[in-house]
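These notes concern the structure reproduced below.
The values are calculated or read from the model by the stated rules, or taken from the named source; none is laboratory data. All figures in this text were calculated on a predicted structure; none of them were measured in a lab. Methodologically, a virtual Cβ is constructed for each residue, glycine included, from the backbone with ideal geometry; neighbour enumeration extends over all protein chains shown. Ligands, DNA and RNA are stripped out before the accessible areas are found, and what is left, the full protein with its side chains, is counted by its heavy atoms. Shrake-Rupley method; radii C 1.70, N 1.55, O 1.52, S 1.80 Å.
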Amino acid sequence: MNAEVAQVLAQDPKKTALVALKTFFNIMEKWGVKNEQQMVLLGRPSSGTFFNWKKGKVASIPVDTLERISYVMGIYKALGILFPTRAQADAWPNKANQAFDGQTAIEYITKGSLVNLIHLRRYLDAQRG
């Protein structure tokens, strides 16, 4: 676990969870990501938990979930730096990419592994130079 993530979570777990999840769901809406794919990105919570999170009903979230959200946020930020408009940045995750064997970034990161999120983030950071 990242020490920074643990420190933030320990300060106010409910507030951290609410802000992280609200940000995550806003990004998912901009990217047009389906609920099933969102659940994978969040580490596969139960359906009940997932829909409670979407409604803002949360006391805390697992550290793994917070880490996953932090990668999604980093990807979102990197795209905003790489593209001249937010519309272009938000369209990119749904376009086929040779770097991911012709898959879209969304298809690649929703395979379920945290490693895929990490790889995409590093790929975008490398593109930034």
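Numbers for the structure displayed
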{"quantity": "Segment 9-32 residues that are over 16 Å from PHE50 (Cα atoms), paired with ones that are of a type in the set (S, T, N, Q) (beta carbon under 6 Å, 6 or more apart)", "calculated": "LEU9/THR16; PRO13/SER60"}
{"quantity": "Qualifying residue in segment 69-81 (condition: of a type in the set (Lys, Arg) and under 17 Å from ASP125 (Cα atoms))", "calculated": "yes"}
{"quantity": "LYS30 being open to solvent by 50 Å² or more (accessible area, probe 1.4 Å) and touching an Asp or Glu at 6+ places or on another chain (Cβ under 7 Å)", "calculated": "yes"}
{"quantity": "Residue, surrounded by the most Cβ atoms within 10 Å (Cβ to Cβ), within segment 33-71, restricted to residues that are assigned to a helix (DSSP H, G or I) and among the hydroxyl-bearing types (Ser, Thr, Tyr)", "calculated": "THR65"}
{"quantity": "In segment 112-121, the residues that are closer than 18 Å to MET28 by Cα and without any contact (Cβ under 8 Å) to a residue 40 or more places away in the chain", "calculated": "SER113, ASN116"}
{"quantity": "Pairs, first under 21 Å from LYS111 (Cβ atoms) in segment 39-66, second open to solvent by 40 Å² or more (accessible area, probe 1.4 Å) and part of a helix (DSSP H, G or I), C-beta under 7 Å, six or more apart", "calculated": "GLY43/ASP64"}
{"quantity": "Residue ID - most open to solvent (accessible area, probe 1.4 Å), chosen from residues in segment 74-114 that are more than 17 Å from LEU41 (Cα to Cα) and not in a helix (DSSP H, G or I)", "calculated": "ASP101"}
{"quantity": "Checklist (1) under 16 Å from GLN38 (Cα atoms); (2) free of Cβ contacts under 8 Å to residues at least 12 places away in the same chain applied to ILE69, failing item", "calculated": "(2)"}
{"quantity": "Where TYR108 falls short, out of the listed (1) in contact (Cβ under 8 Å) with a residue 40 or more places away in the chain; (2) under 13 Å from the mean Cα position of the chain (by Cα)", "calculated": "(1)"}
{"quantity": "Where MET1 falls short, out of the listed (1) of a type in the set (A, V, I, L, M); (2) modelled with pLDDT of 90 or more; (3) open to solvent by 40 Å² or more (accessible area, probe 1.4 Å)", "calculated": "(2)"}
